[in-house]
Amino acid sequence: MSKVSVSDSTLVLSGELTNKTTYLVYTESVKHIKSNEIRNIDISEVTALDSAGVALLDELQSLASAKGSLIMVLGASQELASIIETFSSLSLPLPESVTKVGFFERIGNEGINAWKNFTILLILASESFYWSIVGIFDHRSARKGSFYAQAFQLGTSALPIVALLSIVIGFILSLQSGVQLRNYGAGVFLADLLSITMVREMGPLLTAIIVAGRSGSAIASEIATMKVTEELDALQVMALNPLRYVIVPKLHAITVVMPMLVAFSILIGMLGGVIISVGYLDLSLANFVNRAIDVIVIKDLVISFVKSTVFAWVIVIIGSYYGLQVRGGAEGVGKATTMSVVNSIFAVILLDAIFSLLYL
Amino acid sequence: MKDEAVISTTDLVAKYGEQTILEGVSVDFLHNKVNVVLGGSGCGKTTLMRNILRLEQPFSGSVRFWGEEVTDMDEKEFNRILKRVGVLFQNGALMNSISVFENISIPLEQHTRVAPALIERIVRTKLSLVGLDHAIHLLPSELSGGMKKRAALARAIVLDPDLLICDEPSAGLDPETSAHLDELILDLKHKLNMTMIIVTHELASIHRIADRLIFLDSGKLLFQGTLAEAKSSNIEQIDRFFSVGKF
């Protein structure tokens, strides 16, 4: 139990001054300091003191001395004096004040940082492509089997989710369009519509979004963890180029598997259309397949292939960029992963819009 | 309370799968003493600490804190005991997303009603004690390994705990800082009657601070007693430990 009283300009504290009691003592003492002229603090009746108690004494001294007079702590036994000596904060330098950054300065800094980050991204992309091309002819600095491992991780293991989403999207697209087309007696055109949509837009875009969410996050978190645990530094001091060793196999693998995934997505998406055409619009399977193939020209396939490859590169480069930029520990890895996914998807959609404008 | 056991374990057995790490360890950590736990790598020192702190569940045996059996104690009750304990992990275990100040003020904010003005003073004092006054607003990722460990020690002692458990406090520190930490440990022991459990290999540190040695070997308790008793025990492993470390 602690007590606070005032006697002849002296603040008298008694009982325990520990982290369990300082809250009440502090509130009481501050009231006394505000309403009385305090010159001394008497602790002769204090029975227990810890670092919170010493912090309280320091704070009370500071508050009381702010009124002008020097405050003395009286009545400390040898034991208490020794605890005060160890834990007193009065002799410590004052904490540095943090300078506030102005609004326009902050905007300027953000702009400069954005430009710097963009140049770093470009340098990373150019170096990665350079080493990817070199890596095609020189396999020495890649881990054995890394291409197949990456192809499996980025491609094969993504098949089930690509298949599931593609068939659902193909089914929904066909259902929504089929209802409208049947009203005009144009149900037969569903095959044309779905074929063009899946080949030129939905196949590459849908697959890229799935790959960005699934594989892009895996790339960012893997590289970020390697950075945080100094694995990339270890590669560097072993005279191995981390880009060549870690990123290039991913670029090679995704360049090969992404068009395959897109082709797979298109075929499965068309299957969703078949269900509606045959089941709801009474089209024959042969008729649907013939129309779907006839409507596609080489240019559509080339655009689809180019798009999927560009999307794949963007996902790997952005994932690697955020992985390499990571700062801090576990939280940094999480942030890098999130930023990678968000920005990959944004970049993929933006690029898709540009492709659509260029090749109508 | 002199010479009473703050923590005592009885026939403590710890296993990872089929592998037995601790084989029936019965040990007492005495009040207001610096209890040093030592032994070769992989002998079970860290596992012993983790089982005592219930970070891992013992396979069998019992652990008592201040005479209270904690092995099957409910979490709320055990948290009441943990509030009297400060722990310094081997790698510091600071939270990377918040500043050093915030890391150290967590126990004060969560377990006490100390006024915010005092919290800042307490944190600054504790950082000054470990020689890190300048690092108060830095993030842990901006600290070196040794600085992280010192900041973590400041966090461990922020509530002036009755018991401080340190897993290799001086590993990775320069000799001067290590000696300074030893002085701090002794200071805390004398002035706040703290009990210390220190896992360390540093012979210089052991000579400076140890009141009692607990020597583990291959998961078994080989010896517990004072430094002088350990040196005159004629136990081969202990003799080897002290002779190899001489320089």
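Starting from the stretch A:331-345, keep only residues that are away from chain B (no Cβ under 14 Å), then list their pairs with residues that are polar (S, T, N, Q) whose Cβ atoms are within a distance under 9 Å, requiring at least 6 positions of separation or different chains.
Listed by first residue and then by second, the contacts come to A:THR337/A:SER217; A:THR337/A:SER221; A:MET339/A:GLN325; A:SER340/A:SER217; A:SER340/A:SER221; A:SER340/A:SER320; A:VAL341/A:SER217; A:SER344/A:SER217.
Being under 23 Å from B:LYS191 (Cα atoms) and at pLDDT below 85 narrows it down to one of A:SER9, A:SER2, A:SER69, so name that one.
The match here is A:SER2.
Under the condition of being part of a strand (DSSP E or B) and out of contact with any His (no Cβ under 8 Å at 6 or more places or on another chain), which residue from the stretch A:9-32 is farthest from the other protein chains (Cβ to nearest Cβ)?
A:THR10
Tell me yes or no: at least one residue of the stretch B:77-100 is of a type outside the set (A, V, I, L, M), free of Cβ contacts under 8 Å to residues at least 24 places away in the same chain and more than 14 Å from chain A (Cβ to nearest Cβ).
Among the residues of the stretch B:77-100, at least one is of a type outside the set (A, V, I, L, M), free of Cβ contacts under 8 Å to residues at least 24 places away in the same chain and more than 14 Å from chain A (Cβ to nearest Cβ), which makes the answer yes.
Of (1) away from chain B (no Cβ under 14 Å); (2) surrounded by 15 or more Cβ atoms within 10 Å (Cβ to Cβ); (3) more than 17 Å from A:MET202 (Cα to Cα); (4) of a type in the set (S, T, N, Q), A:GLN325 satisfies all except one. Which?
Among (1) away from chain B (no Cβ under 14 Å); (2) surrounded by 15 or more Cβ atoms within 10 Å (Cβ to Cβ); (3) more than 17 Å from A:MET202 (Cα to Cα); (4) of a type in the set (S, T, N, Q), the lone unmet condition for A:GLN325 is (1).
Within the stretch A:33-92, how many residues are in contact (Cβ under 8 Å) with a residue 60 or more places away in the chain and within 14 Å of another protein chain (Cβ to nearest Cβ)?
The qualifying residues number 0.
Give me a count of the residues in the stretch B:218-231 that are at pLDDT below 90 and part of a strand (DSSP E or B).
Total satisfying the criteria: 0.
Only one residue in A:ILE318, A:ILE349 is away from every other protein chain (no Cβ under 14 Å) and buried (at least 20 other Cβ atoms within 10 Å of the Cβ), so which one is that?
Matching residue, one of A:ILE318, A:ILE349: A:ILE318.
Residues that are within 13 Å of the chain's Cα centre (by Cα), under 21 Å from A:LYS20 (Cα atoms), within 14 Å of another protein chain (Cβ to nearest Cβ) and assigned to a helix (DSSP H, G or I): does the stretch B:157-165 have at least one? Explain how you work it out, then say what you get.
The first filter runs over the stretch B:157-165 and keeps only residues within 13 Å of the chain's Cα centre (by Cα), leaving B:157, B:161-165.
Checking the rest, the ones that are also under 21 Å from A:LYS20 (Cα atoms) come to B:157, B:161-164.
With the extra rule that they be within 14 Å of another protein chain (Cβ to nearest Cβ), the set shrinks to B:157, B:161-162, B:164.
Within this subset, residues satisfying the condition of being assigned to a helix (DSSP H, G or I) are none.
Among the residues of the stretch B:157-165, not one is within 13 Å of the chain's Cα centre (by Cα), under 21 Å from A:LYS20 (Cα atoms), within 14 Å of another protein chain (Cβ to nearest Cβ) and assigned to a helix (DSSP H, G or I), which makes the answer no.
Can you name the residue in the stretch A:206-251 that is surrounded by 19 or more Cβ atoms within 10 Å (Cβ to Cβ) and among the basic types (Lys, Arg) and is also farthest from A:ALA163 (Cα to Cα) among such residues?
Across the stretch A:206-251, the extreme among qualifying residues is A:LYS227.
State which residue is farthest from the other protein chains (Cβ to nearest Cβ) when the search covers only the stretch B:197-206 and only residues that are surrounded by fewer than 22 Cβ atoms within 10 Å (Cβ to Cβ) and in a helix (DSSP H, G or I).
Per the criteria, the residue is B:LEU203.
Conditions (1) touching a helix residue (DSSP H, G or I) at 6+ places or on another chain (Cβ under 7 Å); (2) without any contact (Cβ under 8 Å) to a residue 12 or more places away in the chain; (3) surrounded by fewer than 21 Cβ atoms within 10 Å (Cβ to Cβ); (4) closer than 12 Å to B:VAL37 by Cα, marked per residue:
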site: B:THR195; (1), (2), (3), (4): no, no, no, no
site: B:ARG208; (1), (2), (3), (4): yes, no, yes, no
site: B:ILE214; (1), (2), (3), (4): no, no, no, yes
site: B:LYS220; (1), (2), (3), (4): no, no, yes, no
site: B:GLY225; (1), (2), (3), (4): no, no, yes, yes
site: B:ALA228; (1), (2), (3), (4): no, yes, yes, no
site: B:GLU236; (1), (2), (3), (4): no, yes, yes, no
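Can you tell me which condition B:GLY131 does not meet? The list is (1) closer than 22 Å to B:ARG50 by Cα; (2) surrounded by fewer than 18 Cβ atoms within 10 Å (Cβ to Cβ); (3) in contact with a Lys or Arg (Cβ under 9 Å, 6 or more places away or on another chain), and all the others hold.
(1)
With the structure loaded, tell me whether A:SER29 is touching a residue at least 12 places away in the same chain (Cβ under 8 Å), surrounded by 19 or more Cβ atoms within 10 Å (Cβ to Cβ) and more than 21 Å from A:SER91 (Cα to Cα) or whether it fails that test.
yes
Filter the stretch A:41-66 down to the residues that are among the charged types (D, E, K, R) and crowded, with 17+ Cβ neighbours inside 10 Å, then identify the one that is nearest to B:LEU188 (Cα to Cα).
A:ASP50
If a residue must be facing chain A (nearest Cβ under 8 Å), over 27 Å from B:LYS76 (Cβ atoms) and of a type in the set (Ser, Thr, Tyr), how many such residues does the stretch B:111-156 contain?
Result for the stretch B:111-156: 3.
Which of (1) hydrophobic (A, V, I, L, M, F, W, C); (2) in contact (Cβ under 8 Å) with a residue 40 or more places away in the chain; (3) within 14 Å of chain B (Cβ to nearest Cβ) is the odd one out, the single condition A:LEU121 does not satisfy?
Here A:LEU121 clears every test but (3).
Report whether or not A:ILE275 is closer than 20 Å to A:THR197 by Cα and more than 14 Å from chain B (Cβ to nearest Cβ).
yes
Starting from residues that are closer than 17 Å to A:SER177 by Cα and aromatic (Phe, Trp, Tyr), keep the ones in the stretch A:252-304 and report whichever is surrounded by the most Cβ atoms within 10 Å (Cβ to Cβ).
Filtering the stretch A:252-304 for residues that are closer than 17 Å to A:SER177 by Cα and aromatic (Phe, Trp, Tyr), the one surrounded by the most Cβ atoms within 10 Å (Cβ to Cβ) comes out as A:PHE288.
The values are calculated or read from the model by the stated rules, or taken from the named source; none is laboratory data. Please read all numbers here as calculations on a predicted model, not as lab measurements. Glycine gets a Cβ as well: all are built from the backbone with ideal geometry, and neighbour counts include every protein chain shown.
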